[in-house]
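Nothing in this text is a laboratory measurement; each read-out follows from the coordinates by a stated rule. These numbers were taken from a predicted model, which means no experiment stands behind them. Every residue, glycine among them, receives a Cβ derived from its backbone with ideal geometry; neighbour counts consider all protein chains shown.
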């Protein structure tokens, strides 16, 4: 069962995924009873040596990379991730016995951040990610939990984290990203039926409840 937690920075997706991971670690017997025998936890961009370096480059405002340059770095990250992590488990990736959790999917965030955010041509996005999907059809998730907060919620959460704001966290850019995420189920590379919208302006407990319900309803897994 391939589950992706997707949404803008500050949407709560990473926090909720870590709560699911904590649940797996603290109550593994519950998952074994439901037929799960192994689990994996990754994030994109990253989770490979190449991906982590590309992630740093993409977020660096001092590096004056064009939108297309940033886009193709995320594509490279996606290819490397598939070869290192998807290909080895492709035969069981979508089975009940395997639980594969992923924070962001470059083929989804690539639309929101690069097409909507950086004005990269849609056809470039489609051709790059569709080719990988043709080569590795297993790389399409079973479920995409799409977190959709309002802009004021995101800005408040980013401010609360403190620290340096990267190139993807400016207010103007985030407006375009939020719009992109609303478009992605219809315009993105994966079938729209894979997506479940998670309301993301409430508390973490409320978001976790929505996520639990979505996973139970679509994958029949109780977390």
Practice task
Can you tell me the 0 to 90 degree angle between the C-alpha axis of helix 204-219 and the longest principal axis of the chain, rounded to 10?
Solution key: 60 degrees
Problem - Between helix 67-81 and the chain: long-axis angle, C-alpha atoms, 0 to 90°, nearest 10 - result: 20 degrees
Practice task
Measure nothing but the geometry: give the 0 to 90° angle between the long axis through the Cα atoms of 151-161 and the longest principal axis through the Cα atoms of the chain, rounded to 10°.
Solution key: 80 degrees
Handout entry: Theoretical FRET efficiency, 1/(1+(r/R0)^6), r = Cβ-Cβ of residue 213 and residue 131, R0 30 Å, to 0.05
Key = 0.30
Problem - Average silhouette area of the stretch 2-219, convex hull of alpha-carbon atoms, in square nanometres - result: 11.4 nm²
Practice task
Treat each spin label as a single point 7 Å out from the Cα along the C-beta direction, and report the residue 220 to residue 53 distance in nm.
Solution key: 4.5 nm
Problem - Relative contact order of the stretch 2-219, defined on C-alpha pairs under 8 angstrom at six or more residues apart (%) - result: 31 percent
Problem - the chain - mean residue ellipticity at 222 nm from DSSP helices (-39,500 (n - 2.57) per run, n ≥ 4, rounded to 500) - result: -15000 deg cm²/dmol
Fill in the blank from the handout: Placing each pseudo-label 7 Å from Cα in the direction of the beta carbon, residue 63 and residue 186 end up separated by a distance in nanometres of 3.5 nm
Problem - q = 0.12, 0.27 Å⁻¹: log10 I(q)/I(0) that the Debye formula gives for the stretch 96-151, counting C-alpha atoms only - result: -0.35, -1.20
Practice task
Please compute P(r) over all alpha-carbon pairs of the stretch 122-175, binned at 10 Å starting from zero, and give each bin as a whole-number percent.
Solution key: 18, 30, 28, 24, 1
Practice task
Report, in whole Å, the centroid distance computed from the Cα atoms of the stretch 1-79 and the stretch 135-214.
Solution key: 13 Å
Practice task
For residue 87 and residue 206, calculate 0.36 nm times their separation in residues minus their Cα-Cα distance, and state this gained length in nm to one decimal.
Solution key: 39.4 nm
Problem - Efficiency of FRET from Cβ geometry, residue 14 and residue 76, R₀ 30 Å, rounded to 0.05 - result: 0.85
